[in-house]
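One structure is given below, encoded as structure tokens.
The values are calculated or read from the model by the stated rules, or taken from the named source; none is laboratory data. Just so it is clear, the model here is predicted, and its values are computed rather than measured. Note: ideal-geometry Cβ built from the backbone for every residue, glycine included; neighbour counts use all protein chains shown. Keep in mind that these areas ignore ligands, DNA and RNA; they rest on the heavy atoms of the full protein, side chains included. Shrake-Rupley method; radii C 1.70, N 1.55, O 1.52, S 1.80 Å.
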Amino acid sequence: CPECEGLECGAVTAVIERDGPDFVWRDFAWQTDEAAPDLERDGYAGVGPFRFRGQEYRGALERLLADGDPHEPPTRRVLLVGQRVAFLARLAAALRGTGIGAEITRDAAGAHADELRTYGAVAFGQAVGEDERAAVRAAFDAAGSDAVFVAGLAPIVGLLVAQIEEALERGPREQRRLTRLTAHRDGRTGAAEVEVTAPCRVTLLGYRLDRLSRPHTYDLFDAHLDPGRHRIPLPHAAARPGSFLVARTNGNVLVTAVTPPPPNGP
């Protein structure tokens, strides 16, 4: 759907795979949810498979990348590496809504160096093993890329968007308005500490997965702050183990986990 980019509205999907040096597009279907489509019911009979010669295929992609979006700086792109394609598609749509280009892959190690250098960040899903992560890092290093690697804290779209936004901020931290975010729990409640360098409006959101892996979001704070450090109390719901906080101000975002108090107290 061009409006919400959600599968619920329906989308034409296909499987794209490598076959030796070539690429094949197959199994075209009309998909309306995260489950794999029933090709007998929803497939496009007689459409595909289409085989593309590898060199020509890469050449076409490179020309598209070279043209790009004149309003999108090259570093405002992220490569998403993971196994949960449906979740990554939702994450990619959310990132595009913030002006960050996003693509999904499981085989970045074989990508062309010129393509890898167009990404400002690489985000790994929690199911991606260390060997695969190392292979991706090696490919980016060999390409001369300065991309930042992001390890997803939890499969929560809003939280991961904030992590990637933070990773793509390249300016010196001391020149930002929002320079510090920490959070700890103490019994059934907790507190966050935010530091700002100039008067600005700050919002604070909490994220958590419950025992059934359902995401929860909490609006915790929204107010103008003067320069300095500020302590913000956290309710029990946002201070449980496995909770995360996202602080935002104009142009800056910081992410942190809610941790136990230090040995000597908060």
| request: Only residues that are closer than 23 Å to ALA113 by Cα and open to solvent by less than 40 Å² (accessible area, probe 1.4 Å): list them for region 147-168, please. | output: ALA147, VAL150, ILE164, ALA167, LEU168
| Residues of region 204-233 being open to solvent by 80 Å² or more (accessible area, probe 1.4 Å) and free of Cβ contacts under 8 Å to residues at least 12 places away in the same chain, which ones? | ARG211, LEU212, ARG214
| said: It is to be established whether one or more residues within region 179-202 are under 30 Å from LEU116 (Cα atoms), modelled with pLDDT under 95 and not basic (Lys, Arg). | reply: yes
| said: Quick check on PRO199: is it open to solvent by 60 Å² or more (accessible area, probe 1.4 Å) and either more than 19 Å from ARG180 (Cα to Cα) or under 20 Å from the mean Cα position of the chain (by Cα) (or both)? | reply: no
| field | Matching entry among LEU88, LEU80 (being open to solvent by less than 60 Å² (accessible area, probe 1.4 Å), part of a helix (DSSP H, G or I) and modelled with pLDDT of 85 or more) | value | LEU88
| note | Across (1) open to solvent by less than 80 Å² (accessible area, probe 1.4 Å); (2) out of contact with any Ser or Thr (no Cβ under 8 Å at 6 or more places or on another chain); (3) touching a residue at least 12 places away in the same chain (Cβ under 8 Å), PRO172 clears everything bar (3)
| task | Can you work out which of the residues in region 25-64 that are small (Gly, Ala, Ser) and open to solvent by 70 Å² or more (accessible area, probe 1.4 Å) is nearest to GLY101 (Cα to Cα)? | result | ALA36
| query | Within region 23-65, how many residues turn out to be in contact (Cβ under 8 Å) with a residue 40 or more places away in the chain and among the hydrophobic types (A, V, I, L, M, F, W, C)? | reply | 2
| task | Sort through GLY120, GLY144, GLY99 and tell me the only one that's in contact with a strand residue (DSSP E or B) (Cβ under 8 Å, 6 or more places away or on another chain) and not polar (S, T, N, Q). | result | GLY120
| said: Considering only residues that are of a type outside the set (D, E, K, R), open to solvent by 40 Å² or more (accessible area, probe 1.4 Å) and farther than 25 Å from TYR57 by Cα, which ones fall in region 100-137? | reply: GLN126, ALA127, ALA134
